[in-house]
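See structure below.
Taken together, the values in this text are just the output of simple stated rules run on the coordinates, not laboratory data. Keep in mind that this is a model prediction, so the values were computed, not measured. Every residue, glycine as well, gets a Cβ built from its backbone with ideal geometry; the counts of neighbours run over all protein chains shown.
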């Protein structure tokens, strides 16, 4: 019987052995063919077998202002490389290389040693930003030193002194955390991308696509045959809505003071200028920023990296009274209100002071108009009591407070607009009616950004047209780049025309001797606005702390428009530590004046200060005998303040 | 049946040759990875080899007949583990091959399944009662191998799935497959080719086409083939002293699938042929163990190992010299990689097992 113990057919086993032998003979034949018969052919193929792949870096798109003037450019910079895929003795050549590139020979040798464990097709980056003669050295030594090569990198050139630094942003190598996010999925480590501001927001447009150049090289590193070349796709340029002339005026108006300025066209939401102080130098980030530098910037109490125009949320102070006034008039309460201001009042068992007592006087009889242009606290305390927090919150929210404006810049904050529901949700406590009183004059829990304030007050002055601010023109961008946002681009909020007139006429009295910003008066210009001065800490705390009064100075605010109704421009100024709204008003007035004078094509006195404006750009230089040289220079140059009727900033000569 | 098992019966000769091959592999891995980011791989390979040797000794203690008795459970467990991979497996490089273990390691079932499959096929054929295969038996045999193969194909892992085929072929051949049955399979396979081509993923298709014409895509899939040919060819008779292709990293990842190319470049025709001879001796020795096995099952088990080993060598070396498309099948004992090393040593353990019990009755 055929069972378990029956052996497997020995014939078949032997057959398997012969099959295995056959297989091995087959393979041995293959080896013979390659290694004995055709050995020479392959040996020479091996000789020529190196394909060198050098990237061609794509230049990033320029950033321009609304009139096409260049704000951010690139300049070409050369990096020297040491290729290691040849049989050259690098240590022996190190001396000559070091000499030609002005490096230390020992350092070069150390670097070669340091990189020894890396694959040999990876070159070593010897030196960035090499000079003309160093470049010449590499070129002239192609034969003696074939292991040296250069690669062109494009460096970002930002305006100097932190001009427009927050709005523009800066670039850097994409980080590991970024690569893990879905938005950055298709980028590679080592890619240079925008890290903040416009550079980040519109990175997709600005960033080009690198190409590559392939060549076959032999064992000595000499190019034997040029293979294909994929050209780089340059990034596209981006046009902002910002007006360079106004930006200059705003930057100079704020000067070295801490705070922010936002100038916007309330008819369409175009941002005309945006400044934040203190500022930082984005050119520092173009090369890798050191850890020390970075921590210094991040840990600085004044927050130089913060774009205060959209990221600082602070109590608005009396500027909030415009919202209050709108609420009060629309609800039909404020029209008939007549209040006597004796310097303060008692509400919910507490005494609330009016600021006017600091000037040793009182407001006397106040109605809505006077309450606005004289900024009477008592009137608005009373109004707040009558309205109640929820009605105040309703109007404030209508005009965009407590929410993001939807501006196309990253990391905007939403500010805070308190209400009963807000308090319960966030603090699990009931809203106390007494807290409403402080909100009435823009203190307490309410917090806004300069952008929100500009937008809200611009909307009120426009008769209720609430726009979404933006720094680029959506019509000029491809559809897939427009940032998604929930905020509608325009909302019409109904305001009774009579109320509208009351508010705007009152606002126009503010920058006059009648109002709180008389020193900001602009002759011949229909300038209207509202001052504000907000405490940063409570009076009690100030009293307790040493130097409390000087350390915790009040912030000065001002929001101004021109003309008073359906304005063409709204300017919001935050002057940290400025104490009096007047000072903020003066700053805003400078910007408004620059705007009006530009409209009227007049030379402005603003820029004729002692400071010159420095802008970075790229240009061709002319040699002494007047012939144009073929080399591009990158660098910074000074704009001379013109005495004639020309725009304030000129594009660099020779650059479009 | 337990009996005092003497270690004199352990196949020391086989063991020595196996170690020789492993040693050559380690040396070549060290040389090929010396200036790359894989440097130090040879140390890891040594750890795996030690682990493998330990496993081999352990394996040789268990009476293989007891293993065969339990093969039904092991088979079910292996199907279950393959299904687990499909459902829960981690995707890596586009395929689900691994399951993440709670301890943090990775478990690749398809290699274990190979081992169990050898045992399962052996048991199946050993228990048959005719000299020739009947059609139902033939189909059943096909299913035993076919089901795990399909599960592995679904991962997708074409390379490993293909390595199950020689087990089936060897089993069928020794088990008395009839000409007609063999012909049927060949014809069916031929008819399925066009369909299979459609089902293949693009990169797999590329591998086939670039196998036909490597120059057509010299920077893509054809690249590895060309690099391998150049490396091997430039080795000449005695080896190329610079070992430039490997050392300049034109052979990407030389320590795994293309280890033989690196070796052939460094040691030339003479070196390559020596390695081939060593493998041949190992295979012949294994076959001898099969012939002296105490029962049919033992023979089938050892020959199953022979089948897998021969297949790997054929495909891998064939790929290196340009006779076969690139498949990702490692060279046993020499290629860097824990699963391959472990599998080989465990399989050898079973072979030792059979050999050591050859006088038992």
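Can you order the peptides A:262-272, A:353-363 by their average number of other Cβ atoms within 10 Å per residue, highest first?
Most protected by this proxy first, the peptides run A:262-272, A:353-363.
Which FRET efficiency, nearest 0.05, do residue B:79 and residue A:234 yield, Cβ-Cβ r, R0 51 Å?
Plugging the Cβ-Cβ distance into 1/(1 + (r/R0)^6) gives 0.35.
Averaged across B:224-234, how many Cβ atoms of other chains sit within 10 Å of each residue's Cβ atom?
Mean partner-chain Cβ count within 10 Å for B:224-234: 6.
How crowded by other chains is B:275-282, given as the mean number of beta carbons from other chains within 10 Å of each beta carbon?
If you average over the peptide's residues, the count of other-chain Cβ atoms is 2.
Would you calculate the separation in nanometres between label points at residue A:227 and residue A:92, each defined as 7 Å from the Cα along the Cα-to-beta-carbon direction?
3.0 nm
Can you tell me how much longer the chain between residue A:12 and residue A:216 gets when fully stretched, taken as 0.36 nm per residue apart minus their C-alpha distance, in nm with one decimal?
Extra length from residue A:12 to residue A:216 when fully extended: 68.1 nm.
Would you give the gap between the C-alpha center of the stretch B:114-191 and the C-alpha center of the stretch A:231-264, rounded to a whole Å?
74 Å
In nanometres, what is the gap between the two model label sites at residue A:105 and residue A:491, each 7 Å from Cα along Cα-to-Cβ?
7.3 nm
Evaluate E = 1/(1 + (r/R0)^6) for residue A:428 and residue A:385, where r is the Cβ-Cβ distance and R0 equals 25 Å; express this FRET efficiency to the nearest 0.05.
After rounding to 0.05, the efficiency reads 0.50.
Quick one: A:73, A:144, A:385, fewest Cβ neighbours within 10 Å first, how do they rank?
A:144, A:385, A:73
Please work out the Cα center distance from the stretch A:17-80 to the stretch B:325-341, rounded to the nearest Å.
So the separation of the two Cα centres works out to 25 Å.
Peptides B:68-77, A:501-510: what's the order by average Cβ count within 10 Å, highest mean first?
Result, highest mean Cβ count within 10 Å first: A:501-510, B:68-77.
Under the 0.36 nm per residue contour assumption, what length would be gained going from the current alpha-carbon distance of residue A:139 and residue A:501 to full extension?
123.0 nm
Per-residue Cβ counts within 10 Å, from other chains only, averaged over A:21-30: what number is that?
Mean partner-chain Cβ count within 10 Å for A:21-30: 6.
Given axes a ≥ b ≥ c from the Cα gyration tensor, I'd like to know whether the stretch A:244-599 is rounded (a/c under 1.5), prolate (a/b larger than b/c) or oblate.
Verdict is rounded for the stretch A:244-599.
What length, rounded to one decimal in nm, is gained on full extension from residue B:183 through to residue B:284, with 0.36 nm per residue of separation minus their alpha-carbon distance?
Difference between extended and current length: 33.6 nm.
Under 11 Å from the 7 Å Cα→Cβ point of residue A:333, by amide nitrogen: which residues of the stretch A:366-387?
A:380-387
Say a paramagnetic label sat at a point 7 Å from the Cα of residue A:131, along Cα to Cβ; which residues of the stretch A:70-114 have their backbone N under 13 Å from it?
Within reach of a label on residue A:131, which here means backbone N under 13 Å from a point 7 Å along Cα→Cβ, the stretch A:70-114 contributes A:100-103.
Mind ordering A:569-580, B:273-284 by average Cβ neighbours within 10 Å, highest first?
By packing density, highest mean first, the sequence is A:569-580, B:273-284.
Using the basic label-point model (7 angstrom from Cα toward the beta carbon), what is the residue A:25 to residue B:150 distance in nanometres?
According to this spin-label approximation, the distance is 4.0 nm.
Students often get this wrong: which residues of the stretch A:303-322 have the backbone nitrogen under 15 Å from the point 7 angstrom along Cα-to-C-beta of residue A:411?
Backbone N within reach: A:303-313.
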